[in-house]
Amino acid sequence: MKNILLFLFSFLMVSQMSQANTVRIGSGGDSQEGEQVPEELLIDTLDKIQRDAQFLIHSWMWNPEKSPLTAEQLEQLRQIVINTPVEVLREKACTLGNEVKDAVAYSSPTNSICISTFALKSKLRIDNFKSQVLALMTHEYSHLIGFDETQATSLQQQTLRYLALNGYANPGPLQVRFYGQYERHKTFSRLSKDKKELYKYLADYVAEAKTRMATYDSLLETVYPALAPQDDFGADVLVRINYIEILVDGYQASRGDNGSQEELDMIFKGSSSISSQDFNARMRLKMVRNFQRPGDVLPRIGVKTATGDDFAKLVYEIEEMDQKIQIAFMNIYAGRNLVKFESAKP
């Protein structure tokens, strides 16, 4: 019943919202009439709109059954959000020909969007103005991937319904402590002559890496994931961590325990290498995650014959993918500073 009421509320709310579009398609956008919203709240919302639009798109990417768009359209929309400048007018409305509008998407001479706090601040409802602004911006962004007015308005309505049912993203500041130690792989090469020290160092590394990946996962499991699926190298990293852990457990176990060696023999089946996906599928505790590196190959390493150089290669690959994950997090939270504000007159 709660979901039905929310759906009806958002539908009625949307029915009076503005129409917004690109120069090449139609008439520009307006918003629902309602209680006045202080301009400083609008400014704060628009300052984060590029980030919040990405969170919304990522949420749909991770939950395709709830998405109003196809995977291809979502990626197109994501690229538009990342690369399209937004100009915020504070002293006048946006214009489309002789018309004045709350927001307009332009395709010429280059893609850009105009949105006006001057026009919007007296038309939005204080209880849901952030959702209305994000839905309006989604409408405008969609024109730049080719949506006509009917399609853009439908997406605007679907966005409002989704936000009413699932909530508006409120990630706050990025709390991940990013690690800058990307030369750890060199240490393993230097430890080749002392197996005991090598495996102790590996055990510490595995514990640290698992903690870091758990931190990433805690972000990805929120309502609005912070990474698009193609930027999530978590599975590719974890399969290497699991591989190293099997070898560490085998070394640290009593000399009569051949469990780790037997597991590796079962996984590799006599081959000198194996793909990451097959390695995962044959592990006793396999992960249910998507791999982003389909051509990945893991080399066969023996518990007793492993060298520091063998581990250095695996750790180097982990560091490489970990950097990509961290960069993706930071880019989304920081945005690309493409939202520019018109200075208010003194």
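The values are calculated or read from the model by the stated rules, or taken from the named source; none is laboratory data. Since we're looking at a predicted model, the values are computed, not measured. When we count neighbours, we look across all protein chains shown, and the Cβ atoms used for this are built from the backbone with ideal geometry, even at glycine. Ligands, DNA and RNA are excluded from the accessible area calculation, which covers all protein heavy atoms including side chains. Shrake-Rupley method; radii C 1.70, N 1.55, O 1.52, S 1.80 Å.
Things worth noting here:
- If you take all other residues with their beta carbon under 10 Å from the beta carbon of N290, and give Lys and Arg +1 and Asp and Glu -1, the sum is -1.
- The residue among Q73, P109, L96 whose Cα reaches farthest toward the positive pole of the charge dipole of region 63-125, with charges on the beta-carbon of Lys, Arg, Asp and Glu, is L96.
- Accessible surface, per residue, of region 258-346 when the full set of protein chains is kept, probe 1.4 Å, Å²: 56
- Within the accessible area of region 245-314 (1.4 Å probe), percent carbon and sulfur: 47
- Extension gain (nm, one decimal) between I43 and K324, 0.36 nm per residue minus Cα-Cα: 98.0 nm
- When peptides 284-290, 183-189, 232-238, 45-51 are ranked by their average number of other Cβ atoms within 10 Å per residue, the highest-first order is 232-238, 45-51, 183-189, 284-290.
- With a cut-off of 14 Å between beta carbons, the residues surrounding L314 carry a summed charge of -3, where Lys and Arg count +1 and Asp and Glu -1.
- Environment charge at K186 (Cβ cut-off 12 Å; Lys +1, Arg +1, Asp -1, Glu -1): 0
- Listed by chain and number, the aspartates and glutamates placed with their C-alpha closer than 15 angstrom to that of K200 are E208, E245, D249; residues fewer than eight positions away on the same chain are left out.
- Gained length - L338 relative to N170, 0.36 nm times residue gap less alpha-carbon distance: 58.4 nm
- Of K48/K210; K48/K130; K66/K123; K48/K121; K195/K304, pairs whose Cα-Cα distance is over 20 Å: K48/K210; K66/K123
- Rounded to whole Hz, the Karplus (6.51, -1.76, 1.60) HN-Hα couplings of region 56-67, x for glycine and proline: 4, 4, 5, 4, 5, 4, 7, 10, x, 5, 9, 7
- Region 74-172, accessible surface, carbon-and-sulfur percent (1.4 angstrom probe): 46
- Of the residues G270, T222, N242, the one whose Cα sits farthest toward the positive end of the charge dipole of region 163-302, with +1 on the Cβ of Lys and Arg and -1 on the Cβ of Asp and Glu, is G270.
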